[in-house]
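Data block below; observations after.
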Amino acid sequence: MMSQNPQTIAMRRIDRALHELRAGYPVVVEDEAQRFWLVMSAEMANHARRDALLTQCDAAALVITGIRAKRLALEGATPQEARAIAFDCLTHRPDVLEQCIDPLQTQADMSDIQAHVVGANLVQAEALTLCKLAALLPAAITGKLTVDDAQAWTKKEHILSIGLADIAAYKDGLHTTLYEVSSAHVPLRAFENVHVKAFRPRYGNAEHLVVCVGEPHKQSAPLVRVHSSCVTGDIFGSLRCDCGEQLHEAIARMAQQGHGVLLYMSQEGRGIGIVNKLRAYELQDAGLDTLDANEAMGFEADERQFNAAAHILKLLGHSSICLLSNNPDKVTQLEENGIIVNKRVSLALPANAHNHAYLTTKEKRCGHVF
């Protein structure tokens, strides 16, 4: 059997762990002191399986992000520090448990659990990272295991074991494994000389597309749009956002210039996934704006990282670009990842009755420039 390097092993482990969590199964995480922790997605864990496993754990806890804890008005909560709530105090308060996990639940009285809330340790914080990577709500159930239990469970119950170092390697290195899989001529209504390229990471996870209009490789600084996928806007024509209009306007402008590169990144809902984006819409219908809705679920206002986009641009041979965007943070992140942004070109479009408040929030609270 061929030997595998540490990065390959780490990537495979985490990719498998994400599938396990999405299916409602636990994983075992080993910390740097060789202690073992059970980790489950709070959203997906089967209640019977969860309760059975937690009876064999010490220090069982529900872990939520600091942002979510602050929204719940838990004492001492700050946006920067995840919080752990002792699970014993939640077993008799299913309303509190559900409220902590699901922001769409009715607000529960949480006064009697305040004394059972502490700062999360490193494993618990990284459990939330795994949930986010799996496009699940950032809420995890954790419990400390003995070495014997951890070894027995991983063998008898076929529970996957990973390490903190694996998670770090996955976060830091996944974008560097992207490679071009295929390229095809795809004539568009706006411009016929178009090629669409597909890029895939070597160890699972989402694929990204690149729309090359004309011959951008002949330009010293081609017009570039880094566009995050939006099923509702790009495909269904949703009026709640401006994504679909921006997508087509970007291609139209590239067609006018005769060249351009549109990176279509798999980062639905500013990085939280389509399911959570629809949950955010429910919260917006209840009165929250787009930023508050994300934070009510425990997410950052924007969970996206643009290191993958920068890596793809480098693979295409573009180190200097003109960026079609209203988002200054996108400029900053691309430059931090080695891409020179010669110019930011505005992509402002007229608002409608359904997205006016959304665009206002992006301008006033998220720093977008229109």
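Some notes on this structure:
- Near Asn205, no amide H atom lies under 5 Å from its own; only residues 5 or more places off or on other chains count, and H is placed 1.01 Å from N.
- Once the convex hull of all Cα atoms in the stretch 160-224 is built, its volume per residue stands at 115 Å³.
- Across the stretch 259-370, the fraction of Cα-Cα pairs farther apart than 25 Å, rounded to a whole number, is 28%.
- Residues whose amide H falls under 5 Å from that of Ile162, counting only those 5 or more places apart or on a different chain, are Val28, Val29, Glu30, with hydrogens built in the peptide plane.
- Computed 3J(HN,Hα) for the stretch 216-230, one whole-Hz value per residue from the Karplus formula 6.51 cos²θ - 1.76 cosθ + 1.60 where θ = phi - 60°, is x, 5, 8, 9, 6, 8, x, 6, 10, 10, 9, 10, 7, 4, 8, glycine and proline marked x.
- Nearby lysines by direct alpha-carbon distance to Lys364 (threshold 23 angstrom, same-chain neighbours under 8 apart not counted): Lys70, Lys277, Lys330, Lys343
- If you plug the beta carbon distance of Ala48 and Asp329 into 1/(1 + (r/R0)^6) with R0 = 35 Å, you get a FRET efficiency near 0.20.
- Largest first and in whole Å, the equivalent-ellipsoid semi-axes of the stretch 15-83 read 23, 15, 14, each the square root of five times a Cα gyration tensor eigenvalue.
- Unit charges at the beta carbon, dipole of the chain: most positive-side option, Asn205, Ala45, Cys57: Asn205
- Check: the chain dipole with +1 on Lys, Arg Cβ and -1 on Asp, Glu Cβ, in debye: 1080
- Percent antiparallel among DSSP beta bridges (both partners in the chain, rounded to 5): 70
- Heavy-atom accessible area order for Val63, Val275, largest first, 1.4 Å probe: Val275, Val63
- Lys314/Ser111 FRET efficiency (R0 56 Å; Cβ-Cβ; nearest 0.05): 0.60
- Solvent exposure of the stretch 11-136, expressed per residue, is 45 Å² of accessible area, with all protein chains present and a 1.4 angstrom probe.
- Cα→Cβ-extended label distance, 7 Å offset, between Gln257 and Leu278, nm: 3.6
- Charge tally around Arg365: other residues with Cβ under 10 Å, Lys/Arg +1 each, Asp/Glu -1 each, net -1.
- Using distinct alpha-carbon pairs, which all enter the 1/r mean, Kirkwood radius of the stretch 1-126 in Å: 15.9
- Of the residues Ala152, Thr91, Tyr179, the one whose Cα sits farthest towards the positive end of the charge dipole of the chain is Tyr179 (charges of +1 on Lys and Arg Cβ, -1 on Asp and Glu Cβ, taken about the Cα centre).
- Translational diffusion coefficient (Stokes-Einstein; Kirkwood radius from C-alpha pairs) of the stretch 146-301 at 10 °C, 1.306 mPa s, in µm²/s: 85
- Dipole of the stretch 107-165 [Lys/Arg +1, Asp/Glu -1 at C-beta], most positive-end residue of Pro138, Ile162, Ala120: Ile162
- The sum of -39500 (n - 2.57) across all DSSP H runs of n ≥ 4, divided by the residue count of the chain, sets its helix-only mean residue ellipticity at 222 nm to -10500 deg cm²/dmol.
- Mean Kyte hydropathy of 1.0 or more with a Cα span along the axis of at least 27 Å, helices from DSSP in the chain: none
- Cα centre as origin, Lys/Arg/Asp/Glu Cβ charges: the stretch 294-357 dipole, Debye: 380
- In this entry, the chain is assigned a mean projected area of 20.2 nm², taken as a quarter of its C-alpha convex hull surface.
- Accessible area of the stretch 1-58 belonging to carbon and sulfur atoms, whole % at 1.4 Å probe: 47
- Extended-chain gain in nm, criterion 0.36 nm per residue less alpha-carbon gap, His195 and Ala165: 6.9 nm
- Working note: Cα atoms of the stretch 290-348, range along each principal axis, descending, whole Å: 40, 24, 15.
- Each Lys and Arg adds +1 at its Cβ and each Asp and Glu adds -1 at its Cβ; summed about the Cα centre, the stretch 182-255 shows a dipole of about 240 debye.
The values are calculated or read from the model by the stated rules, or taken from the named source; none is laboratory data. Note that the coordinates shown come from a computational prediction; the quantities given were computed from them, not determined experimentally. Because the Cβ atoms are built from the backbone with ideal geometry, glycine has one as well, and the counts that use them run over all protein chains shown. The accessibility values were calculated without ligands, DNA or RNA, using every heavy atom of the protein model including side chains. Shrake-Rupley method; radii C 1.70, N 1.55, O 1.52, S 1.80 Å.
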